[in-house]
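Here the structure is laid out as structure tokens; the discussion comes afterwards.
The values are calculated or read from the model by the stated rules, or taken from the named source; none is laboratory data. Since the structure is predicted, the reported quantities are computational estimates derived from the model, not experimental observations. Heads up, the Cβs are rebuilt from the backbone with ideal geometry, glycines too, and the neighbour counts pull from every protein chain shown.
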Amino acid sequence: EVFRGLLWGQKVAVKQLKTDKEGADAASLERELLHETRVLSVMSHPCILTLIGYTQVPPQIVLEVLEGTVYDLVRAGVDDKCDGGMLGPLIDILSGCAYLHACNPPLLHRDLKPPNVLYDEKFRCKLCDFGTAFELKPGAALPTEWVGSALYVAPELDDQKPYGLAADVFSFGVLAYELYHLAHNGVDFYGEGDLFEGGGIIEGMELIRTPILSTPSEPPPRPEACTSDAVWDLLCKSLAFNPSERPGFGTLASGIGAARQAADGGNISTWLAG
């Protein structure tokens with residue numbers, strides 16, 4: 001759970017274990033919290049949540065405080081002159097993901113989804129929640145365990161196959177596909193922040209995941225809010241069933257950045273910072 005606080009007069013967000021967890025669940029969550037601290041302690045990028053500090057007793061992470069999730073940003077239409085308000089947030093997400101994959105060793109996020117994308121007072125989106133992130137160390141075996149959220153995981157995880165960086169790319173594609181639906185109809189699948197409240201997981205599967213995976217050789221139905229042919233082509237590639245056919249985050253960021261520049265004639269350097 002996360003709450004707001006003050007540290008030396010600075011507004012901060014404090015992430016701690018839920019008090020109703022105990023035993024094995026509490027131990028697992030504490031390990032994830034410590035792992036997230038270690039990951040964030042070596043991260044430095046404008047599209048990655050900033051770590052301020054950590055306490056051991058009780059286990060807590062102190063983080064920069066942000067304004068809300070990307071859901072709120074898309075609903076507000078802050079960038080609404082560019083393809084349904086989507087391109088700025090998508091470029092931020094891609095920039096943060098490209099940074100993770102360019103780390104040494106590369107870092108798999110493994111839980112990319114809209115609730116794990118926050119934004120600041122300048123409307124810049126930032127990735128958060130690195131408790132299940134995985135380092136792809138040279139020579140080490142690729143992971144095979146199922147980790148993530150059911151609506152967003154790549155098909156190779158469902159098939160219990162080894163997976164790599166392309167798994168994050170697929171999750172990004174699902175995230176973007178969902179946000180385009182949100183931009184059109186204003187509906188997300190999280191009741192009180194929980195995908196499993198009010199049948200959200202069922203609705204999400206029917207509207208998002210099933211169309212994407214039902215015919216792997218064909219693109220899913222195009223959301224009405226996605227008006228750019230270039231962006232739609234890139235999103236379809238990111239949702240390819242075969243991991244080897246998915247482009248990297250750098251390629252996606254450059255392509256969608258070019259689409260945004262074409263849409264408004266502006267300077268996109270701030271969106272591609274870092």
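I'd like the full set of residues that are without any contact (Cβ under 8 Å) to a residue 40 or more places away in the chain, in a loop (DSSP other than H, G, I, E, B) and under 22 Å from GLY248 (Cα atoms), limited to the range 217-236.
Correct list: SER217, GLU218, PRO219, ARG222.
Would you tally the residues in the range 158-187 being of a type in the set (Gly, Ala, Ser), within 26 Å of ALA225 (Cβ to Cβ) and part of a loop (DSSP other than H, G, I, E, B)?
Residues flagged as of a type in the set (Gly, Ala, Ser), within 26 Å of ALA225 (Cβ to Cβ) and part of a loop (DSSP other than H, G, I, E, B) within the range 158-187 amount to 1.
Filter the range 20-48 down to the residues that are out of contact with any helix residue (DSSP H, G or I) (no Cβ under 7 Å at 6 or more places or on another chain) and part of a loop (DSSP other than H, G, I, E, B) and list them by number.
ASP20, GLU22, VAL42, MET43, SER44, PRO46
Kindly check whether there is at least one residue in the range 251-273 that is at pLDDT 95 or above, surrounded by 17 or more Cβ atoms within 10 Å (Cβ to Cβ) and among the charged types (D, E, K, R).
No.
Can you tell me how many residues within the range 57-74 are of a type outside the set (Val, Ile, Thr), within 18 Å of the chain's Cα centre (by Cα) and under 19 Å from GLY131 (Cα atoms)?
Residues in the range 57-74 being of a type outside the set (Val, Ile, Thr), within 18 Å of the chain's Cα centre (by Cα) and under 19 Å from GLY131 (Cα atoms): 3 in total.
Do you know which residues across the range 112-155 are of a type in the set (Asp, Glu) and assigned to a loop (DSSP other than H, G, I, E, B)?
If the condition is that a residue be of a type in the set (Asp, Glu) and assigned to a loop (DSSP other than H, G, I, E, B), then ASP120, GLU121, ASP129, GLU145 are the ones that fit.
Mind checking whether some residue in the range 133-140 is surrounded by fewer than 17 Cβ atoms within 10 Å (Cβ to Cβ), in contact (Cβ under 8 Å) with a residue 12 or more places away in the chain, in the same structural domain as LEU90 (by TED's automatic domain parsing) and more than 21 Å from ALA102 (Cα to Cα)?
no
If only one of LEU94, LEU73, LEU90, LEU63 is assigned to a helix (DSSP H, G or I), touching a strand residue (DSSP E or B) at 6+ places or on another chain (Cβ under 7 Å) and either modelled with pLDDT of 95 or more or in the same structural domain as GLU178 (by TED's automatic domain parsing) (or both), which one is it?
Exactly one of LEU94, LEU73, LEU90, LEU63 is assigned to a helix (DSSP H, G or I), touching a strand residue (DSSP E or B) at 6+ places or on another chain (Cβ under 7 Å) and either modelled with pLDDT of 95 or more or in the same structural domain as GLU178 (by TED's automatic domain parsing) (or both), namely LEU73.
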